Amino acid sequence: IFATKEPLDKVFTVTPFFNLSPLMSLLQQPQESYRQESDITPISSREFQSDLQEPGKATLLPSLSISKRNWEKGGKPHPMLKMDGVYVFQDGKYQGWLSEQSIPGLRWVEPQTQRSPLILRKDGKSQVSLSLENPKIQIVPNVKGKDVTYTVDVMLTGVVSEVIQPMSERLMEDKAVGQVRKEIRQTFEKGLEIQSDLLQLEYTLYRKQNKEWKKFYAEKDFKLTKESLQEIKVSLKLNNSGKLKIP
């Protein structure tokens, strides 16, 4: 299931490349492109309806747009569908739309992520391209008196896709860890702007410590603040660099 701001007739007339069947399009088989580059997680209509009923849960409905910027066919722009953001529902209530660019950390806290690129830059110039894979996420609620804070622990593996400027493997890992941590924090705070819990912190407390959740959140008021996310721990292991020689 998707939402879109585009005219529906135009969305349904966008065709894939190579004269493939429309059944092979992003609209019909989003899982295929998601396996290659996991940014925004597809959701089925059954999952969408179920998630809307879950207390404390943020439901993210992918939005579709039509892009004419990246591809040509016969010398003319060829429209293609792309997922450009999410419509956010918190506790079943619509909160707003967020662009893909504004929530880059979403992919690092989604267990379904299979692989996603990360570009390391210096002074705006690309240095190294990594492909990070299969995040393992643990969210730990910390209840102290009348306050509850959260620690997010993310473990990633990855490979080096391209080296533009030589860099040691240790430095790659350190820079990637810092960038992933920054993206997760940015995504969390972007969600706060529309009173939404994109990291599913409250939902974790609801599932793990239901009695404590009732004390803090039973009134349905949105209580998360910037200070609620106490710590973000990120660990990364680059498994191999292919045929690249890294000092």
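The values are calculated or read from the model by the stated rules, or taken from the named source; none is laboratory data. What you see is a predicted model, and the numbers here were worked out from it, not measured in a lab. Quick reminder, even Gly has a Cβ in these numbers, built from the backbone with ideal geometry, and neighbours come from all protein chains shown. Ligands, DNA and RNA are stripped out before the accessible areas are found, and what is left, the full protein with its side chains, is counted by its heavy atoms. Shrake-Rupley method; radii C 1.70, N 1.55, O 1.52, S 1.80 Å.
Select, from Ser45, Ser25, the only residue that is of a type in the set (Ser, Thr, Tyr) and touching a strand residue (DSSP E or B) at 6+ places or on another chain (Cβ under 9 Å).
Going through Ser45, Ser25 in turn, the sole match is Ser25.
How many residues are under 14 Å from the mean Cα position of the chain (by Cα), open to solvent by 30 Å² or more (accessible area, probe 1.4 Å) and among the hydroxyl-bearing types (Ser, Thr, Tyr) when one looks only at region 42-64?
Count: 0.
Asp91 is checked against (1) under 28 Å from Ser235 (Cα atoms); (2) open to solvent by 40 Å² or more (accessible area, probe 1.4 Å); (3) charged (D, E, K, R) and fails just one. What number does that condition carry?
Of the numbered conditions (1) under 28 Å from Ser235 (Cα atoms); (2) open to solvent by 40 Å² or more (accessible area, probe 1.4 Å); (3) charged (D, E, K, R), the odd one out for Asp91 is (1).
Examine region 115-137 for a residue that is within 23 Å of Glu193 (Cα to Cα) and either outside the structural domain of Phe48 (by the TED database) or not aliphatic (A, V, I, L, M) (or both), and state whether such a residue exists.
No: region 115-137 contains no residue that is within 23 Å of Glu193 (Cα to Cα) and either outside the structural domain of Phe48 (by the TED database) or not aliphatic (A, V, I, L, M) (or both).
So which residues in region 162-198 are open to solvent by 70 Å² or more (accessible area, probe 1.4 Å), touching a strand residue (DSSP E or B) at 6+ places or on another chain (Cβ under 7 Å) and either among the hydrophobic types (A, V, I, L, M, F, W, C) or more than 19 Å from Val234 (Cβ to Cβ) (or both)?
Those that are open to solvent by 70 Å² or more (accessible area, probe 1.4 Å), touching a strand residue (DSSP E or B) at 6+ places or on another chain (Cβ under 7 Å) and either among the hydrophobic types (A, V, I, L, M, F, W, C) or more than 19 Å from Val234 (Cβ to Cβ) (or both): Glu162, Ile164, Gln165, Gln195.
Given the condition of a type outside the set (Ser, Thr, Tyr) and open to solvent by less than 40 Å² (accessible area, probe 1.4 Å), answer yes or no: does some residue in region 28-36 qualify?
yes
Of all residues in region 214-237, count the ones that are modelled with pLDDT of 85 or more and either touching a helix residue (DSSP H, G or I) at 6+ places or on another chain (Cβ under 6 Å) or open to solvent by 100 Å² or more (accessible area, probe 1.4 Å) (or both).
So the count comes out to 10.
Could you tell me whether any residue of region 139-151 is exposed (fewer than 15 other Cβ atoms within 10 Å of the Cβ), of a type in the set (Lys, Arg), over 16 Å from the mean Cα position of the chain (by Cα) and not assigned by the TED database to the domain that holds Ser44?
yes
Go through region 103-127 and count every residue that is surrounded by 12 or more Cβ atoms within 10 Å (Cβ to Cβ) and either in a strand (DSSP E or B) or over 23 Å from the mean Cα position of the chain (by Cα) (or both).
Matching residues across region 103-127 total 9.
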